[in-house]
Amino acid sequence: GNEENDAIDLVGLLFESLFQTHAMLDRARRVYARLVLPYVKVALTDDGLFVHRDHPARRLFDVITEACEGNDGSTPQDRELLERAAGIAQRIVADYNEDLEIFALASAELESLLEQQRKRVDVLERRASEAVYGKERLLQARLQAGAALNQRLARTPLTEAVSDFLIEHWQHHLVQTLLRDGRESPKHADVLALADALVVVDTLAAQGRGAVVADRLIALQPAITECLVSCGLDENGANGWLADVVRALAQPDLPRTLRKLPPPVVADDDAEQGPLRVVGGHAGMDFDAQVAERMRLLAPGEWLRLLDAQGEHVAAKVAWISPLSGRYLLVNRRGVRVLVASAEQLATLVAEGRLVAGTEQAPFDEAMRQMRARLGRAVGQN
């Protein structure tokens, strides 16, 4: 009758919606193809399937999706999940006769395997966030060191020997110090003080005050040597450098110039990010300010849907928000990084139709939401 046809259509639409919004590879699609018939039977005999969130058949739909989505069977654990899901689907087909207990048992069985997967995913997410954070810290340190260097080079004309030392060695030493000890540390203050002291010595040398210059250089020798050694020179190399500086500063009439370095490059060197080049400003990006505000409210654990370069939908979770840049790390169900982007960039993706926020976390609920939207559009057209 009509009700049967409706049930068949609804289940068909439900599975279709799932495929449109969740990246299912061939093996996973075969699992679902087997399940269509049992789900049609459930829909015919039990209204609760579309009404109750805790319905056993819905729960199984969700755990199978967690096991299968984006799963290409590339690790033994992933293969085991796919095989177990396929076995469960076969069992449901063979044994389901209006007793929902079989769905509950199947969910529980898969759930224990998924628990192990979730632990692996947590580790991968943590690694992904640590990698992004490490890159961002390095980038920030380079920017800070570059700014400190430019400030000193642009203020006082210096001999080539001193400005080369600052550019080639001191800047690197400052980056290392920022990463290791931080901006508030006494060590950071010491490294800045070394540059300032060298600038003063260079100025004194220009005034022909050789004796003072010699005394000051002797006092600075340990700090200069430490700087050179931290840049990878051995004791001999460090002494050679020092001798060059001493020789240069012994000649009051050497040319001295102001140097201006180009600002350091701040693009992420993440080739896999494609057009999402991100760190600095968001000039030239086309986004709605209100959507960007909504993106700023995203919290770790929230799910989004992303259209990848191949036009496939990927469920993506906010795994981590950078305390440095406020950028969001999005990972897939396997804990693998999909994207790192600012709120503005996420809003740009929304404008391009490549990102949907506010999706349901449970796949069944999300498929229902999609299905209602499609039915709504179909009704609107007629």
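Indicate the gyration tensor shape class of region 75-185 (rounded, prolate or oblate), computed on the Cα atoms with a ≥ b ≥ c the square roots of the eigenvalues: a/c under 1.5 is rounded; otherwise a/b larger than b/c is prolate and the rest oblate. Verdict is prolate for region 75-185.
Take the Cα of Gln20, step 7 Å toward its Cβ, do the same at Asp286, and the gap between the two points is 2.4 nm. Computing FRET efficiency as 1/(1 + (r/R0)^6) for Arg183 and Glu130, where r is the C-beta to C-beta distance and R0 is 25 Å, gives about 0.75. Measuring nothing but protein heavy atoms, the accessible surface of the chain at 1.4 Å probe radius is 53 percent carbon and sulfur. When only the Cβ of Lys, Arg, Asp and Glu is charged (+1, +1, -1, -1), the dipole of region 96-147 relative to its Cα centre reaches about 900 debye. For the chain, the equivalent ellipsoid derived from the Cα gyration tensor has semi-axes of 64, 22, 14 Å, listed largest first. Counting 0.36 nm for each residue step from Glu109 to Arg34 and taking away their Cα separation leaves a gain of 25.2 nm. At what distance in nm do the modelled label points of Val336 and Ile167 sit from each other, each positioned 7 Å from its Cα along Cα→Cβ? Calculated label separation equals 4.3 nm. Approximating the spin labels as points 7 Å out from Cα along Cα→Cβ, the Arg120-to-Ala351 distance works out to 4.0 nm. With both residues required to sit in the chain, DSSP beta bridges show an antiparallel share near 100%.
For region 1-135, the Kirkwood hydrodynamic radius comes to 15.9 Å, computed from all pairs of different C-alpha atoms. Taking Lys119 as the anchor, which aspartates and glutamates have their alpha carbon closer than 15 Å to its alpha carbon, excluding any fewer than eight residues away along the same chain? Output for Lys119: Glu66, Asp78, Glu111. Starting from the Cα gyration tensor of region 77-120, take the square roots of the eigenvalues, sort them a ≥ b ≥ c, and report rounded, prolate or oblate (rounded when a/c is under 1.5, otherwise prolate if a/b is larger than b/c, else oblate). It comes out oblate by the Cα gyration axes.
Which net charge results for the neighbourhood of Ala86, defined as the other residues with beta-carbon distances under 9 angstrom from its beta-carbon, given Lys and Arg at +1 and Asp and Glu at -1?
For residues surrounding Ala86, the net value is +3.
Surface analysis of the chain yields an accessible area of 51 Å² per residue, using protein heavy atoms and a 1.4 Å probe.
Judged by the ratio a/c of the largest to the smallest principal axis of the C-alpha gyration tensor, region 329-380 counts as oblate, that ratio being 1.5 or greater while a/b is no larger than b/c. Packing here is the average count of other Cβ atoms within 10 Å per residue, and on that basis the peptides 96-107, 8-19, highest first, run 8-19, 96-107.
The values are calculated or read from the model by the stated rules, or taken from the named source; none is laboratory data. Note that the coordinates shown come from a computational prediction; the quantities given were computed from them, not determined experimentally. Neighbour counts run over all protein chains shown; Cβ positions are idealised from the backbone, glycine included. Please note that ligands, DNA and RNA were not included when accessible areas were found on the heavy atoms of the full protein model with its side chains. Shrake-Rupley method; radii C 1.70, N 1.55, O 1.52, S 1.80 Å.
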